[in-house]
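The structure appears below as structure tokens.
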Amino acid sequence: MKKSKSNLDFKLMSLVYRFRDIFIPRIRILKEVEIKQGYYVLDYGCGPYSYIIPLVKMIGEEGKVFALDIHPLAIQRAQQFVSKKQLKNVETIYSNCKTGLPDNSVDVVLLYDKFHDLDNPSEVLKELHRVLKPNGILSFSDHHMKENEIISKITNEGLFRILRKGKRPY
């Protein structure tokens with residue numbers, strides 16, 4: 001990812017996302033991905049942790065959520081939230097690309113509204129491909145990009161193919 005935003009930018013973004021989440025609850029998007037109990041999910045660029053609660057409900061106690069972000073405040077707030085809610089199956093990762101996760105260890109990767117902001121998208125896609133299980137799902141959306149641009153950039157290196165387009169994510 002690019003250099004992290006300032007703390008003020010992050011706080012403003014978090015406020016905007018809270019309003020967004022009222023009108024378009026994150027569970028609506030996640031239902032399109034068909035996440036199941038026991039899944040391991042990587043939220044790449046978790047930001048203000050909007051997806052954590054719905055993910056935890058979907059994956060159950062056997063699943064795990066990895067919340068990754070480059071912004072220290074995002075990770076700090078996610079850790080505080082996870083601790084406060086005593087969520088034992090959520091782990092935060094502070095990184096700009098590498099996840100530190102084993103090969104073929106993740107069922108689903110969420111890459112929402114971050115791709116346009118990546119310094120090295122090719123390296124990120126390689127990393128996501130590495131950690132995804134062979135039949136894993138990369139759920140992708142970026143409202144900053146046009147549909148043909150999204151499809152081209154995701155499929156360009158032959159690591160991923162578009163299986164379907166949901167209402168919001170690919």
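See the values below:
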item	result
Filtered residue count, the stretch 40-61, keeping only those that are touching a helix residue (DSSP H, G or I) at 6+ places or on another chain (Cβ under 9 Å) and not in a loop (DSSP other than H, G, I, E, B)	11
Scope the stretch 131-160; condition more than 18 Å from the chain's Cα centre (by Cα) and under 20 Å from L30 (Cα atoms); matching residues	E147
Test for K133: is it farther than 14 Å from Y40 by Cβ and among the charged types (D, E, K, R)	no
Residue under evaluation S50, criteria (1) under 15 Å from N96 (Cβ atoms); (2) modelled with pLDDT under 90, criterion not met	(1)
Residue in the stretch 85-107 that is surrounded by 14 or more Cβ atoms within 10 Å (Cβ to Cβ), in contact (Cβ under 8 Å) with a residue 12 or more places away in the chain and under 22 Å from G166 (Cβ atoms) present	yes
Residue satisfying condition, being of a type outside the set (A, V, I, L, M) and on the phi > 0 side of the Ramachandran plot, within set D107, D103, D113	D113
One residue from F140, F115, F160, F66 being farther than 17 Å from D43 by Cβ and surrounded by 16 or more Cβ atoms within 10 Å (Cβ to Cβ)	F160
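Here is a yes/no grid of residues against (1) touching a residue at least 24 places away in the same chain (Cβ under 8 Å); (2) farther than 19 Å from L30 by Cα; (3) acidic (D, E):
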site	(1), (2), (3)
E61	yes, no, yes
K64	yes, no, no
E123	yes, yes, yes
L128	yes, no, no
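This table checks each residue for (1) touching a residue at least 40 places away in the same chain (Cβ under 8 Å); (2) not aliphatic (A, V, I, L, M).
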| site | (1), (2) |
| --- | --- |
| Q37 | no, yes |
| L42 | yes, no |
| I52 | no, no |
| V56 | no, no |
| I75 | no, no |
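The values are calculated or read from the model by the stated rules, or taken from the named source; none is laboratory data. From a predicted model like this one, the values you see are computed outputs, not experimental measurements. Virtual Cβ from ideal backbone geometry, glycine too; neighbours counted across all protein chains shown.
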